[in-house]
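Just so it is clear, none of the values below were taken in a lab; they were calculated from the coordinates. Note that the structure is predicted; figures quoted are calculated from it, not measured. All Cβ positions, even for glycine, are placed from backbone atoms using ideal geometry, and neighbour counts span all protein chains on display.
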């Protein structure tokens, strides 16, 4: 049984205050999301943690069914400079990895993170899982795992775009048990 009070303290200590508990089996997986990755994303085939280097849509759905508890985090930012945005994303993803590691140390051995955007831990990606230089740290984004992000975060109580123009919203998922 999850100690949600302990986990919440852990989230707060890493600076992640805006989150919702969730049942990962309720994550909405859709083929159209994979098609958007394939035919609309610059990272397709150029990132070791993005399609086609991720499981099939069906396998993604099956993967989420193996979990009973997770958290979805909302992070809001506003950058006009794309390089500043990518630096912020890298920093947040590294902190999320630290959180995943702490969850593992606290007994949540199945802890698995979905980044807020394409993995950008390396300045230049090796482009394939086989060639990835940091396989233990690279993670897919929710979209890379065929998650219908809007439908999913709405089902867990977030209202994207309701922040009154405070900035761009990004979502990360931490699957726990």
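Counting 0.36 nm for each residue step from residue 3 to residue 23 and taking away their Cα separation leaves a gain of 5.7 nm. Computed over the chain with a Gaussian network model linking Cα atoms closer than 10 Å, the most mobile of 69, 85, 114 is 85. Highest average first, the peptides 4-15, 149-160 ordered by how many other beta carbon atoms sit within 10 Å of their residues are 149-160, 4-15.
Of the options (1) 51, 39, 34; (2) 104, 28, 22; (3) 40, 36, 30, only one is Cα extents along the principal axes in Å as computed from these coordinates, and that is (3).
Residue order for 171, 44, 108, fewest other beta carbons within 10 angstrom first, comes to 44, 108, 171. Full extension of the chain segment joining residue 177 with residue 13 gains 57.0 nm, where the gain is 0.36 nm per residue of separation less the Cα-Cα distance.
Please say if segment 77-177 is rounded, prolate or oblate, where rounded means a/c under 1.5 for a ≥ b ≥ c the square roots of the C-alpha gyration tensor eigenvalues, and otherwise the choice is prolate for a/b larger than b/c and oblate otherwise? Oblate is the answer for segment 77-177, as a/c is 1.5 or above yet b/c matches or exceeds a/b. The gain in end-to-end length when the residue 131 to residue 98 segment is fully stretched comes to 9.6 nm, 0.36 nm per residue minus the alpha carbon separation.
For labels at residue 151 and residue 166 in the simple 7 Å Cα→Cβ model, what's the distance in nm? For the pair residue 151/residue 166, the computed spacing is 2.8 nm.
Once C-alpha pairs closer than 8 Å and six or more residues apart are averaged by separation and normalised to the residue number of segment 29-82, the relative contact order reads 26 percent.
Each Cα pair under 8 Å and six or more residues apart adds its separation to the average, and for the chain the resulting relative contact order is 36 percent. Only beta bridges with both residues in the chain are counted; by DSSP, about 95 percent of them are antiparallel.
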